[in-house]
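Following: one structure in structure tokens, then a few remarks.
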Amino acid sequence: MSKFEPIWRRFQGHMVIVGIALLILLIWRFGLRPSIVAVAEGDGGDTAVSLAATSEPDATRDPLQFGTGELPVLDDSSLAPAPNPHTFEGTLPQHEFITHTVVRGETPNGIAEQYGIEPETILGGNPRLSEESSLLQVGTELIILPIDGVLHDVQPGDTLESVSEQYGIPTEEIIAYEPNNLEFPYRLQPDTQIMVPGAVRELFVWTPPDLSSVGGTSVEGGSVRPVIVGTGTFIFPVNSRNYTQFFWYGHPGLDIALPEGSAVYASDTGTVTFAGWNVYGYGNLIVVNHGNGYETFYGHLSSFNVTPGQIVYQGNVIGGTGNTGNSSGPHIHFEIRINNNRDNPCWYIGC
Ligand SMILES: [Zn+2]
């Protein structure tokens, strides 16, 4: 040690900086975080020795200062940050999934039954289906999960606990699912997917603006109501019975195929609360509030005959069918909601 003494003193300031940089680098590369805590607390003579890899143990030396002879040999590039500083330590999931291509006439319930899973699990494996209103069309490729649950895309910052909380499924059940390949300390790696057994994916629900923000409304007893109340009965919104998708958990409406530009009728009397572009998959959308708790939605339209605030009567032509938004062919997506809950339109119009 003594023969390096003069050099050591001369470059002491530099060496401290280089030493700290090397220490940080070592922590990155070898995950020595617990060791460095011990060093900082001053009780880690052993860990300091192992970090510096010195051949002459010296208990009196400040562990944060390296002698020149003790520096590990590193080239210049080793001082640059690693491409992924958050080095993943753990095992990656190893899933194997069946894919299913939707053919004409298939229903979510039928597909689910074929594979022995719940219809909701179709959403569990295919997140895009829950984000819009009509993707389960002929030709759609579905991931079929082997058991009921949700395939979760791991986001940066996700932990086993946060995923458990998000879906209300105990961590033990996520760990117990073998293809997740989770081993202690159960770190999740972004850009992978883990299976959450028994979970159900929550659907995104877009709600039209409040009636108070459009014309044609009045206030009664403190609540905002449309000026006209519907009949309470509903008629077919189009002159077609060519159903392409029925109502189910993952599809809150009824899809009916027909040529672009066909007439769309107000299913009941009411006030138009929305007539415009919807970014959540509906495309050109009209929403009619019937003043009795009911609302009807008409999606993927090509044209509008009405504007927000306008009163429409049952059977009025309110627009033209189209293929806008998340749509793979000309069709109308028709929804009936009662007090903001999506109901099966077929129960009202008789499919
Ligand atoms: Zn639809």
Open item on the list: I'd like the full set of residues that are farther than 16 Å from Ile147 by Cα, hydroxyl-bearing (Ser, Thr, Tyr) and free of Cβ contacts under 8 Å to residues at least 40 places away in the same chain, limited to the stretch 160-192.
Closed with: Ser162, Ser164, Thr171
- [ ] For Pro127, indicate whether it is farther than 17 Å from Tyr249 by Cα, away from the ligand (no atom under 16 Å from the Cβ) and of a type outside the set (Lys, Arg).
- [x] no
Open item on the list: Suppose we filter the stretch 244-289 for residues that are more than 16 Å from the ligand (Cβ to nearest atom), part of a strand (DSSP E or B) and not polar (S, T, N, Q); how many remain?
Closed with: 9
TODO: Working only within the stretch 325-336, note down all residues that are more than 11 Å from the ligand (Cβ to nearest atom) and either over 17 Å from Val287 (Cα atoms) or surrounded by fewer than 21 Cβ atoms within 10 Å (Cβ to Cβ) (or both).
DONE: Gly329, Pro330
TODO: Within the stretch 290-305, count every residue that is within 13 Å of Thr324 (Cβ to Cβ), within 16 Å of the ligand (Cβ to nearest atom) and of a type outside the set (Ser, Thr, Tyr).
DONE: 3
Task: Residues satisfying the stated conditions in the stretch 156-207, i.e. surrounded by fewer than 16 Cβ atoms within 10 Å (Cβ to Cβ), touching a helix residue (DSSP H, G or I) at 6+ places or on another chain (Cβ under 8 Å) and among the β-branched types (Val, Ile, Thr) - done: Thr171
TODO: Taking Gly315 as meeting all but one of (1) in contact with a strand residue (DSSP E or B) (Cβ under 6 Å, 6 or more places away or on another chain); (2) more than 13 Å from the ligand (Cβ to nearest atom); (3) outside any loop (DSSP other than H, G, I, E, B), write down the number of the exception.
DONE: (3)
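Only the coordinates and a few stated rules stand behind these numbers; no lab work does. For clarity, every value in this text was computed on a predicted model and none was experimentally measured. Cβ: placed from backbone, ideal geometry, glycine included. Neighbour counts: every protein chain shown.
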